[in-house]
Amino acid sequence: MNPLALTRQHRELHCEQVALTAIAQAYGTPTYVYSRAAIEAAFASFASAAAGRGVLLCFAMKANSNLAILDLLARQGAGFDIVSGGELERVLAIGGNPARVVFSGVGKTHAEIRRALELGVKCFNVESSAELDRIDAIARSLGRRAPISIRVNPDVDAGTHPYISTGLRENKFGIAHDHARAVYAHAATLEGIEIVGIDCHIGSQIVETAPFLDALHRVLNLADALEADGIALRHLDLGGGLGIRYDTETPPDRGAFLTQLLDRVDQWRAVKPQRAGVEVIFEFGRALVAEAGLLLTRVEYLKDNGARHFAVVDAAMNDLMRPALYEAWHPVQTVIERTDRPPQLLDVVGPVCESGDWLARGRTLAVAEGDLLAIGCAGAYGMTMASNYNSRPRPAEILIDGAHMHVARPRESVQALFATEQTLPLI
């Protein structure tokens, strides 16, 4: 966890200046807790490296779409990378500027494209020839030209989990690098299309710089080829995917990472005067919010089945899906350190009726029933992936600002789960 987000004071964990026990007492568990200071510090680490270098830093809001967090990042100068019409409406809800929004995603619907065109998004990141033709037709029907980038799949192995790898030939994302030039040539013939850039995103939770540099090399080669074809670009969208440390990973320093990529872009810009104004777009998600959040949960039972020990908590896979989906590792700490019992090796599991409902395996913890646990690095892909499986209300979300607790989203009620459902009429 980011040390700005989580510290231990007198054996008790605090988020900024607020004790986690106070949060549990006020709002119950399970509850997501976020640190304003940690979010702003993460964005600042990128922004300082990008200052004066023609960069737009977008937040990939699929990582965490709570309005309070979107508003914080917009105040810091962030644009937004969206993948649905619902995410676009969230940008509008905080007063965000659609002209600072890039619309990604492989399955944009007619309605989503029309709405985004009407609002004037900065760019559509096009993922297929069929999508390109659809955007063209809708734009022409509105009497407009749609700004587009082609998402190029560079066939680069990001060395990450196969479910979050997006840059290989076998992935569903983007257009193959060796076909992209022909798709750009087709786009140049379409009346409803305005070519503005190239887009590339190779995956998520990448902890080495080399795959990014490899992808950038291929993007710049394609930009050179397009320039020779008479297609001028206004931006290079290099995506995101920079990882964090959940366990033993050693991701590069954010500022140094960004500087290394931008130095290479500057070398390319310097070759020809017309490239000087080419903007660079990044779409970071996890790197901005993951370490700023935790899931607070309470131990309901301790259980020993002879082969394994379990701490059964009130959070479950519906609250934090990553361990069940990816076998992801999250740090787990006791909120108050115990000195009255020895630690033991146990699995942290939830109450959902699935064997896959676990949050952490093989952890050494000294706990008793009723104790609070903090599951760290949960600010990204936690609440956005949460569900109501087993008719479980989703957690509250609390944003900590110094010594103050703000309700970013109240806990869902059981009644809200079926408020819109209807039974069949009696016949």
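The values are calculated or read from the model by the stated rules, or taken from the named source; none is laboratory data. For clarity, every value in this text was computed on a predicted model and none was experimentally measured. For neighbour counting, all protein chains shown are included, and Cβ atoms are generated from backbone atoms with ideal geometry for every residue, glycine included.
Give just the number: which of (1) in contact with a Lys or Arg (Cβ under 8 Å, 6 or more places away or on another chain); (2) of a type outside the set (A, V, I, L, M, F, W, C); (3) outside the structural domain of A374 (by TED's automatic domain parsing) does G52 not satisfy?
(1)
Anything in the range 184-218 that is of a type in the set (A, V, I, L, M), crowded, with 17+ Cβ neighbours inside 10 Å and out of contact with any helix residue (DSSP H, G or I) (no Cβ under 9 Å at 6 or more places or on another chain)? List them, or say none.
Step one: filter the range 184-218 for residues of a type in the set (A, V, I, L, M), giving 185, 187-188, 190, 193, 195-196, 198, 202, 206-207, 210, 213, 215-216.
Within this subset, residues satisfying the condition of being crowded, with 17+ Cβ neighbours inside 10 Å are 187, 190, 193, 195-196, 198, 202, 206-207, 215-216.
Residues satisfying the conditions are V196, V207, A215.
Out of curiosity, is V83 of a type outside the set (S, T, N, Q), under 20 Å from M385 (Cβ atoms) and either modelled with pLDDT of 95 or more or not assigned by TED's automatic domain parsing to the domain that holds L117 (or both)? Walk me through it before giving the result.
Details: of a type outside the set (S, T, N, Q): yes; under 20 Å from M385 (Cβ atoms): yes; either modelled with pLDDT of 95 or more or not assigned by TED's automatic domain parsing to the domain that holds L117 (or both): yes.
For V83, the condition - of a type outside the set (S, T, N, Q), under 20 Å from M385 (Cβ atoms) and either modelled with pLDDT of 95 or more or not assigned by TED's automatic domain parsing to the domain that holds L117 (or both) - is met.
Cβ-Cβ under 8 Å, sequence separation 6+ or interchain: first residue in the range 347-375 and without any contact (Cβ under 8 Å) to a residue 24 or more places away in the chain, partner of a type in the set (S, T, N, Q). Which pairs?
That search, which allows pairs on different chains as well, returns T364/Q344.
Out of curiosity, is E397 more than 21 Å from the chain's Cα centre (by Cα) and not aliphatic (A, V, I, L, M)? Break it down into steps so the answer makes sense when it comes.
Numbers: more than 21 Å from the chain's Cα centre (by Cα): no; not aliphatic (A, V, I, L, M): yes.
The answer is no for E397.
From the list L220, L258, exactly one residue is assigned by TED's automatic domain parsing to the domain that holds A182, under 21 Å from I150 (Cα atoms) and not in a loop (DSSP other than H, G, I, E, B). Which is it?
Values: L258 fails: under 21 Å from I150 (Cα atoms).
Of L220, L258, the one residue that is assigned by TED's automatic domain parsing to the domain that holds A182, under 21 Å from I150 (Cα atoms) and not in a loop (DSSP other than H, G, I, E, B) is L220.
Here is a yes/no grid of residues against (1) buried (at least 16 other Cβ atoms within 10 Å of the Cβ); (2) in the same structural domain as E249 (by TED's automatic domain parsing); (3) in contact with a Phe, Trp or Tyr (Cβ under 6 Å, 6 or more places away or on another chain):
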{"position": "A368", "(1), (2), (3)": "no, no, no"}
{"position": "D371", "(1), (2), (3)": "yes, no, no"}
{"position": "A396", "(1), (2), (3)": "yes, no, yes"}
{"position": "H406", "(1), (2), (3)": "no, no, no"}
{"position": "R411", "(1), (2), (3)": "yes, no, no"}
{"position": "L426", "(1), (2), (3)": "no, no, no"}
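With respect to R298, is the statement that it is of a type in the set (K, R), at pLDDT 95 or above, under 28 Å from the mean Cα position of the chain (by Cα) and surrounded by fewer than 22 Cβ atoms within 10 Å (Cβ to Cβ) true?
Details: of a type in the set (K, R): yes; at pLDDT 95 or above: yes; under 28 Å from the mean Cα position of the chain (by Cα): yes; surrounded by fewer than 22 Cβ atoms within 10 Å (Cβ to Cβ): yes.
Here the answer is yes, as R298 does meet what is asked.
Scanning the range 1-23 for residues that are part of a strand (DSSP E or B) and not polar (S, T, N, Q), which turns out surrounded by the most Cβ atoms within 10 Å (Cβ to Cβ)? Reasoning before the result, please.
Of all residues in the range 1-23, those part of a strand (DSSP E or B) come to 7-9, 12-15, 18-19.
Next, only the ones that are not polar (S, T, N, Q) stay: 8, 12-15, 18-19.
Values: R8: 13, E12: 16, L13: 23, H14: 20, C15: 29, V18: 19, A19: 16.
Only one residue fits best here, namely C15.
Quick one: would you say V313 is under 19 Å from G239 (Cβ atoms) and surrounded by 16 or more Cβ atoms within 10 Å (Cβ to Cβ)? Working first, answer last.
On the way: under 19 Å from G239 (Cβ atoms): no; surrounded by 16 or more Cβ atoms within 10 Å (Cβ to Cβ): yes.
Taking the combined requirement at face value, the residue does not satisfy it.
List the number of the failed condition for S391; all other conditions in (1) exposed (fewer than 13 other Cβ atoms within 10 Å of the Cβ); (2) touching a residue at least 24 places away in the same chain (Cβ under 8 Å); (3) of a type in the set (S, T, N, Q); (4) closer than 26 Å to R245 by Cα hold.
Among (1) exposed (fewer than 13 other Cβ atoms within 10 Å of the Cβ); (2) touching a residue at least 24 places away in the same chain (Cβ under 8 Å); (3) of a type in the set (S, T, N, Q); (4) closer than 26 Å to R245 by Cα, S391 violates only (4).
Which one of these does E279 not meet: (1) out of contact with any Phe, Trp or Tyr (no Cβ under 9 Å at 6 or more places or on another chain); (2) closer than 22 Å to I39 by Cβ?
In the conditions (1) out of contact with any Phe, Trp or Tyr (no Cβ under 9 Å at 6 or more places or on another chain); (2) closer than 22 Å to I39 by Cβ, E279 misses (2) alone.
Which condition number in (1) in contact with a helix residue (DSSP H, G or I) (Cβ under 9 Å, 6 or more places away or on another chain); (2) surrounded by fewer than 20 Cβ atoms within 10 Å (Cβ to Cβ); (3) not assigned by TED's automatic domain parsing to the domain that holds E118 is the one that V106 fails?
So V106 meets the others, but not (3).
Out of all the residues in the range 52-71, is one or more hydroxyl-bearing (S, T, Y) and in a loop (DSSP other than H, G, I, E, B)? Before you say what the answer is, go through the steps one by one.
Residues of the range 52-71 hydroxyl-bearing (S, T, Y): 65.
From what is left, the residues that are in a loop (DSSP other than H, G, I, E, B) are 65.
Scanning the range 52-71, I find at least one residue that is hydroxyl-bearing (S, T, Y) and in a loop (DSSP other than H, G, I, E, B), so the answer is yes.
Test A324 against the criterion of being touching a Leu at 6+ places or on another chain (Cβ under 9 Å) and of a type in the set (G, A, S), and give yes or no. Walk me through it before giving the result.
Working: touching a Leu at 6+ places or on another chain (Cβ under 9 Å): yes; of a type in the set (G, A, S): yes.
So A324 fits the description; yes.
Need pairs with beta-carbon distance below 6 Å; first residue free of Cβ contacts under 8 Å to residues at least 60 places away in the same chain and within the range 221-238, second of a type in the set (K, R); sequence gap 6+ or separate chains.
Going by the 6 Å Cβ cut-off, the qualifying pairs are A225/R181.
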